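The values are calculated or read from the model by the stated rules, or taken from the named source; none is laboratory data. Keep in mind that this is a model prediction, so the values were computed, not measured. Neighbour counts run over all protein chains shown; Cβ positions are idealised from the backbone, glycine included.
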Amino acid sequence: MKILDRYLARAVVGGTFATLAVLLPLLGFFLLADELDKVGEKGYVFADAVAFVALSIPSYAYQIFPIATLIGALIGLGSLASRSELVAMRAAGVSISRIVLAALKAGVLLAVIAFLVGEGVAPVAQQKALQLRSEAESGQVTLSTPYGFWARDRRAYINIRKILPGAYLGDVFIYEFDGQHRLRAATHAKDARYVEKHWVLDDISRSKISRDGVEVSRIPSANWDSLLDPGLLDVVLVDPQALPVWGLYRYIRFMAENNQDPGPYAVAFWGKVVQPLLILAMTFLSIPILFGSARTQGMGVRVFLGIMVGIGFYLVSRAFASFALVYGLSAMVAAITPPLLFLGIAFWVMRRVG
C-alpha cells in the first residue's frame with residue numbers, strides 16, 4: 001500500500017507543479033504588460049519592470065496554490081483514470097477512501113511547500129520588488145530594517161519607527177549632515193502627517209550641534225520640507241496578502257494600539273491561517289469531481305470543471321472578505337466559511353458517486 005500511496009501522491013504533486021508551470025508564466029506575462037505602462041516614468045526602465053515581475057512571482061504562486069492544487073490533482077489523477085489505472089485499483093479492492101487518503105498525503109506535502117513559499121520567500125521577494133520600483137521611480141535610496149524604515153533626503157538621513165496608513169508616521173528621527181559629512185543636527189518628532197503636499201511634524205525635539213556645543217530646543221509643531229514621497233511608504237505598507245502571518249499579527253496589534261482599523265489585515269491573517277487547510281480541501285474536492293465525471297472521456301472536461309470550481313471558490317471567498325470589511329463580519333468566520341462550504345459540497349458529491 002505504501003507503494004500505491006506514493007504513486008498516487010506523485011501524480012497529485014506532479015500535476016500541481018505542471019499546473020503552476022503553466023499558470024505562473026501567464027500571470028507573469030500579464031503582470032509585465034501592466035508594468036510596461038510605468039516604464040519611462042522617471043528612472044523606471046524595462047529591466048526594472050522585468051525584475052519587479054520576477055520578484056512578484058512567488059507571491060502570486062502562493063495565492064493561486066489552492067486552485068493549482070485542485071487543477072493539478074485533477075490532471076494527475078485524471079491521467080491515471082484515462083489509462084484505466086484507477087479502475088484497476090478499484091477492481092483490486094482499493095477503496096475510494098484509500099485513494100482520498102493517498103491524495104491528502106500529497107496535499108499535506110503541498111501545504112508545507114506553500115507555507116514555506118508564503119511565509120519565507122514571497123514576503124521578502126515582494127518587499128524587494130516594491131522597494132526596487134519605488135527607488136527607480138523616485139530616485140531615492142530606501143531601506144526597510146527591523147529598526148524601522150530608512151531613507152536618504154539630500155544630506156539628511158531619516159529613520160521612521162512607525163508607519164500607519166494614510167501617510168501617518170510615528171517616532172521620526174532626522175539626522176542632518178554638512179558638506180564634510182559631519183552631523184550638525186538631530187531631530188526627533190513624535191508624529192508626522194502629510195498635509196497638502198508637505199509634512200507636518202508634531203512634538204519636536206531638536207539638537208543642533210556646533211563647535212560651541214549642543215543646543216537643544218523643543219517645538220510643538222513645524223512644517224518639514226522633505227523629498228520623502230508618501231508613495232515610498234508602500235515599501236513598508238505592502239499588500240496584506242504579501243505579509244507573513246507573524247508580520248500580520250504584529251501589525252494588527254500595532255494598528256489596534258493606534259486606534260486604526262485592522263480590517264484588511266485581519267482578513268488576510270485568517271486567510272493565511274486557513275491556507276494549508278484550504279489546500280487539503282481542494283485536494284479532497286478533486287476526488288468527487290474526478291469520479292463524478294468518470295463517464296466523460298477526456299481530460300479537458302475535468303480540467304474545465306476544476307477551473308470553474310476554482311473560479312467559484314475565488315468569488316465566494318472574495319464576497320465573504322468584502323462582507324467582513326463592509327458589514328463587520330468576523331474575519332475568522334469569513335476565512336473559514338468558504339472552505340467548509342465547498343467541503344460540504346464535496347462530501348455530498350462523494351456520497352453520490354461512492
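Annotations
- Failed condition for Ile64, given (1) closer than 22 Å to Leu31 by Cα; (2) in contact with a Lys or Arg (Cβ under 7 Å, 6 or more places away or on another chain): (2)
- Applying the condition of being in a helix (DSSP H, G or I) and of a type in the set (Asp, Glu) to region 6-37 and asking which residue is nearest to Leu290 (Cα to Cα) yields Asp34.
- Phe342 vs. criteria more than 22 Å from the chain's Cα centre (by Cα), part of a helix (DSSP H, G or I), crowded, with 16+ Cβ neighbours inside 10 Å and modelled with pLDDT of 85 or more: no
- Residue check, Leu26 free of Cβ contacts under 8 Å to residues at least 40 places away in the same chain and on the phi < 0 side of the Ramachandran plot: yes
- Enumerated strands (runs of 3 or more DSSP E) restricted to region 156-271, each holding at least 3 residues that are of a type in the set (Val, Ile, Thr), at pLDDT 75 or above and surrounded by fewer than 19 Cβ atoms within 10 Å (Cβ to Cβ): 213-224
- Residue in region 50-100 that is farthest from Met308 (Cα to Cα), counting only those that are among the aliphatic types (A, V, I, L, M) and assigned to a loop (DSSP other than H, G, I, E, B): Ala92
- Residues in region 19-66 that are surrounded by fewer than 19 Cβ atoms within 10 Å (Cβ to Cβ), among the small types (Gly, Ala, Ser) and closer than 30 Å to Val274 by Cβ: Ala21, Gly28, Ala54.
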